1. Where the second residue is surrounded by 15 or more Cβ atoms within 10 Å (Cβ to Cβ) and among the polar types (S, T, N, Q) and the first is on the phi > 0 side of the Ramachandran plot and touching a residue at least 24 places away in the same chain (Cβ under 8 Å) and lies in segment 146-169, which pairs have Cβ atoms under 9 Å and are six or more apart or on separate chains?
2. Restricting to segment 118-136, count the residues that are in contact (Cβ under 8 Å) with a residue 24 or more places away in the chain, more than 12 Å from residue 10 (Cα to Cα) and open to solvent by 60 Å² or more (accessible area, probe 1.4 Å).
3. I'd like to check something: does segment 84-92 contain any residue that is within 21 Å of residue 258 (Cβ to Cβ) and open to solvent by 20 Å² or more (accessible area, probe 1.4 Å)?
4. Starting from segment 19-33, keep only residues that are within 14 Å of residue 50 (Cα to Cα) and part of a helix (DSSP H, G or I), then list their pairs with residues that are open to solvent by less than 70 Å² (accessible area, probe 1.4 Å) and not charged (D, E, K, R) whose Cβ atoms are within a distance under 7 Å, requiring at least 6 positions of separation or different chains.
5. Which one of 204, 172 is part of a helix (DSSP H, G or I), of a type in the set (A, V, I, L, M), touching a residue at least 24 places away in the same chain (Cβ under 8 Å) and surrounded by fewer than 17 Cβ atoms within 10 Å (Cβ to Cβ)?
6. Give the number of residues within segment 252-278 that are outside any strand (DSSP E or B), touching a helix residue (DSSP H, G or I) at 6+ places or on another chain (Cβ under 8 Å) and open to solvent by less than 90 Å² (accessible area, probe 1.4 Å).
7. Suppose the filter is out of contact with any Ser or Thr (no Cβ under 9 Å at 6 or more places or on another chain), of a type outside the set (Ser, Thr, Tyr) and without any contact (Cβ under 8 Å) to a residue 40 or more places away in the chain; does residue 317 pass it?
8. Report yes if residue 312 is in contact (Cβ under 8 Å) with a residue 60 or more places away in the chain, out of contact with any strand residue (DSSP E or B) (no Cβ under 9 Å at 6 or more places or on another chain) and either of a type outside the set (Phe, Trp, Tyr) or not in a loop (DSSP other than H, G, I, E, B) (or both), otherwise no.
Amino acid sequence: MSQTSSPSTSAQTVIQAFLQERLQAKLDKLKEGQDEERRKLLETYHPENWIADAARRVGQIQQVTHALKYSHPDARGSSLSSAGNPRADAFSVGTHSLDARLPTDVVGNAAALDVHKFLSLEIDGATLLQRCIAEDPAVSAAFSDDPATAEAWIAAFASVVQPKGKPASHSLAKQIYWPLGQGRYHLLAPLFPTSLAHAVWERLSHDRYSDDAKAARQARRERRAHPHGCCEYPDLAIQKFGGTKPQNISQLNSERRGENWLLPSVPPQWHSPPVTPPLGVSSVFPRRFGNRRAVRDQVKALKSFLLSVADPGWNNIRIRDRRDELARSIVAEALQFAAEIQELGGGWSLDERCRLNEAERYWLDPGRAETDTEFAAQRLRGEWKDEICISFGLWLNAALRSDELPMGQPEALEWQSLLAEELRHD
C-alpha cells in the first residue's frame, strides 16, 4: 500500500485500526496451541485480503431508506434508497423532513453487515462509502498498490447504493392494486420508512433515557429549575420486527433491537362531568349556565372588549362586528348548554324538586311533550321563547355591568335578538 500521501495515510490508518480491532477480538478467543487458527486469522485480516473479500460480499447487501422485509422477513422484492417526496411541503412529516440528517439502513445478508460498518468508517469528515462514490484517489491508494484492483473494489463498494435488479414486489409483501379502468391497474408496494422510523426512535430514546432527560426529571421531582423541560410520550405502542433475529430485517432494525415505537393516534377522550337536571333553581342563567368555565371566559372577553371601546365617539362597523362575534359565542354556549339538558330523559321537570319557571321548562325539557299533551300544546305555542330571550338578555347585562360599564335596555334588547335568531327554528 502507498504511504506517501497524507489523505492516503489517514485512510490506511482508519482501515487498519478497524481491522485490527476485529482481528484482536477473535485472537483473544484462541487457546494455547491453536497456531493454525491464528495463522488463518492473520491471513484473513490482512488488509488486502479482507478488502478483497468485502468487495465480493458487498453485492449481498443494499443501502436503503425504505425497506421491504418489514412486511415479511421472507419477502424478496425491491427496497429503495430515496430522500423522500421533493414535492411534499414543510407541513407534511416524511423522509424528506430529515434532509442531510437522513440515517441510511442496510438490507440483505446479515453476515455481510460488517461490510456496511467498514463503509461507514469516517475519514477526514467523509465516510469511506462517500469517498468510494467520489472515486477518491486517496482511498484507491489505501486499498492496493495495483490501481486496477483498487478501482474494481471502489466500483464494487460504490454499487451498494444502487437498486438490485428491476423494481419488483413479492407475494409476501404488502400490495395495493390501484384501478385505472378497462381492466388495468397500478401495483403499489408500500415500503417501511426505516430511516424516518430510526430518526424518530433516536429522538424518543434521547428524550426518555439520555442523561439530560434523567437530570431534568430528577429536577422536576425535587422541584428545582432545569435548563430544559421533560418530554413525555404516554401510551406508546411497540411494534416488533424480526423476532429474536432483528438483524435479518435490516441493520437499523437490529440497532433498534427490533422495536418500532408507535405514538398514539386515537381521538382524544373527553371526560365531562355527568349532566344533571337543573333542580332547586328558578332559572338556569345565573348559576348553572353562568358558572360554566367557557361562559365565564367569554363574558370576560366581551366585557374587556366593551371597556376598551367604551368611548362614545368610537362606533364603527369593525367594533360592532367584533361585539356581535363575542356575544354570539355566548349565545352558542347557551344553545350547547340547553342541548345537554335536553338529552336527559323527557319528563325530568315533573320532579317535585324542580323550581324552574315555565318558560325554561318548555325550553329544556322537550321530551316531556311526548307524554304530556297539555305541556306539548303550551310548548308548541312558542311564547316561552320570548321569555327565554328576555331572561338571557337581563342575565348577560347583569354579568357585564360595572361602574365603568353601565348596561341598559338597548344592550339587553341586542342580546335578546341574537338568541331569538337561534331559537326561531326550535
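1. Short answer, once both residue conditions are applied: 165/78.
2. Within segment 118-136, the subset in contact (Cβ under 8 Å) with a residue 24 or more places away in the chain is 118-119, 121-124, 128-129, 131-133, 136.
Going one step further and asking which of them are more than 12 Å from residue 10 (Cα to Cα), we end up with 118-119, 129, 131-133, 136.
Within this subset, residues satisfying the condition of being open to solvent by 60 Å² or more (accessible area, probe 1.4 Å) are 133.
Qualifying residue count, segment 118-136: 1.
3. Quick first cut of segment 84-92, residues within 21 Å of residue 258 (Cβ to Cβ) only: none.
No, every residue in segment 84-92 fails to be within 21 Å of residue 258 (Cβ to Cβ) and open to solvent by 20 Å² or more (accessible area, probe 1.4 Å).
4. Going by the 7 Å Cβ cut-off, the qualifying pairs are 19/45; 19/47; 19/50; 22/45; 23/41; 23/45.
5. On the way: 172 fails: part of a helix (DSSP H, G or I).
Just a single option satisfies the conditions, and that option is 204.
6. Of the residues in segment 252-278, 9 are outside any strand (DSSP E or B), touching a helix residue (DSSP H, G or I) at 6+ places or on another chain (Cβ under 8 Å) and open to solvent by less than 90 Å² (accessible area, probe 1.4 Å).
7. Numbers: out of contact with any Ser or Thr (no Cβ under 9 Å at 6 or more places or on another chain): yes; of a type outside the set (Ser, Thr, Tyr): yes; without any contact (Cβ under 8 Å) to a residue 40 or more places away in the chain: yes.
Answer is yes for this residue.
8. On the way: in contact (Cβ under 8 Å) with a residue 60 or more places away in the chain: no; out of contact with any strand residue (DSSP E or B) (no Cβ under 9 Å at 6 or more places or on another chain): yes; either of a type outside the set (Phe, Trp, Tyr) or not in a loop (DSSP other than H, G, I, E, B) (or both): yes.
When the stated conditions are applied, residue 312 does not pass them.
The values are calculated or read from the model by the stated rules, or taken from the named source; none is laboratory data. All values derive from a computational prediction rather than experimental measurement. Here the Cβ is made from the backbone with ideal geometry for all residues, glycine too, and neighbour counts use every protein chain on show. Just so you know, the surface numbers come from the protein's heavy atoms only, side chains and all, with ligands and any DNA or RNA stripped out. Shrake-Rupley method; radii C 1.70, N 1.55, O 1.52, S 1.80 Å.
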